Amino acid sequence: MTPMKEDYIKIIFELGGTERKISNKEIALGLDVAAGSVTEMITKLVEEKLVIHEPYAGITLTQLGHQLAIELVRKHRLWETFLVDDLKYEVADVHSEAEVLEHQTSDKLADALYDFLGKPKFCPHGGVIPDENGDYPESSNIVLADIEDGQEIKITRIIDNHDLLTYLHNLGVSANTKVIVLRHEPFEGPIIVKRLADKTEISISFKAAHNIFVQ
């Protein structure tokens, strides 16, 4: 399987594609690719029986696609956790390293790394880490962009994208940051939030707000 196909499987999993139907637009925003590219790739994944695509409804992972996603995500996020916790990498800088390491990791090594790290349930940017049986805790699929003005929320996870994580790091936003949503600017403008810890107002782009999950 090509790295690009794996990226699609992982982003559909990250967006909640085992519990709900994911739109082409969500995938395009998550991977920063054109809508036409998403349509072409989804067609290939349907042919390989990795996803189900219901026209005008959305995309979900098949059982085979889900199993593949769990294996890829588990190894990737275990390495991200190791790189951040033990080698002191910045969260935004671990994705490319973990991409390489996950493909060289046997199931035995993944299990050993999981035990060494203390069986973590979440990676540094809030993504779930499946255990040795493929089980993982539920996570929110509600994005910041959908939160109404005036609500207080906690950021629980962020899509695993280097540019996005770097952008949010520079804004002082990460997993577990608590904010109140002040307003949504019109015409797909930014979402203005106030960080509760220090009352700082932050402007988060429309695109980024669709890749930040909250509760």
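Entry note, the range 18-99: relative contact order of 23 percent, from Cα contacts under 8 Å with a spacing of 6+ residues. The order of MET41, MET4 by accessible area, most exposed first and with a 1.4 Å probe, is MET4, MET41. Along the range 106-119 the Karplus relation, 6.51 cos²θ - 1.76 cosθ + 1.60 evaluated at θ = phi - 60°, assigns HN-Hα couplings of 6, 4, 4, 5, 4, 5, 5, 5, 4, 5, 4, 7, x, 6 Hz to successive residues, with x for each Gly and Pro.
Peptide packing for 196-202, 121-127, 59-65, 47-53 was compared via the average number of neighbouring C-beta atoms within 10 Å per residue; ordered from the highest value, the list is 121-127, 59-65, 47-53, 196-202. Using the average count of surrounding beta-carbon atoms within 10 Å as a protection proxy, the listed peptides 209-215, 187-193, 110-116 rank, highest first, as 209-215, 187-193, 110-116.
Loop-resident chymotrypsin sites (Phe, Trp or Tyr not before Pro) (DSSP state other than H, G, I, E or B) in the range 2-64 with no more than 12 further Cβ atoms inside 10 Å of their Cβ: TYR56. Of the heavy-atom accessible surface of the range 146-210 (probe 1.4 angstrom), what whole percent is carbon and sulfur? Taking all protein chains in place, the range 146-210 shows 49 percent carbon and sulfur surface. Annotation note: trypsin sites (Lys or Arg not before Pro) in the range 51-111 located in DSSP loop regions with a Cβ neighbour count of at most 16 within 10 Å are LYS88. Note: relative contact order over the range 45-195, using C-alpha pairs below 8 Å and six or more positions apart, is 17 percent.
Computed from backbone phi, the HN-Hα couplings of the range 26-38 come to 4, 5, 4, 5, x, 9, 6, 10, 6, 4, x, 5, 5 Hz, rounded to whole numbers (Karplus: 6.51 cos²θ - 1.76 cosθ + 1.60, θ = phi - 60°; Gly and Pro given as x).
Quotient of the Cα radius of gyration of the range 91-215 and 2.2 N^0.38 Å, N being its number of residues: 1.18.
Across the range 128-133, rounded Karplus estimates of 3J(HN,Hα) from the backbone phi angles (6.51 cos²θ - 1.76 cosθ + 1.60, θ = phi - 60°) give 6, 10, x, 7, 5, 9 Hz, Gly and Pro being marked x.
What is the calculated FRET efficiency for MET1 to ASP115, with r their C-beta to C-beta distance and R₀ = 45 Å, to the nearest 0.05?
Step by step, r from the Cβ atoms, then E = 0.95.
Here's the list of lysines a cross-link from LYS154 could span, going by alpha-carbon distance under 25 Å and ignoring same-chain residues fewer than 8 apart: LYS10, LYS21, LYS25, LYS88, LYS119, LYS121, LYS178, LYS194, LYS199, LYS207.
The values are calculated or read from the model by the stated rules, or taken from the named source; none is laboratory data. Bear in mind the structure is a predicted one, so any value in this text is a computation, not a measurement. Neighbour counts run over all protein chains shown; Cβ positions are idealised from the backbone, glycine included. These accessible areas exclude ligands, DNA and RNA; they are computed on the full protein's heavy atoms, side chains included. Shrake-Rupley method; radii C 1.70, N 1.55, O 1.52, S 1.80 Å.
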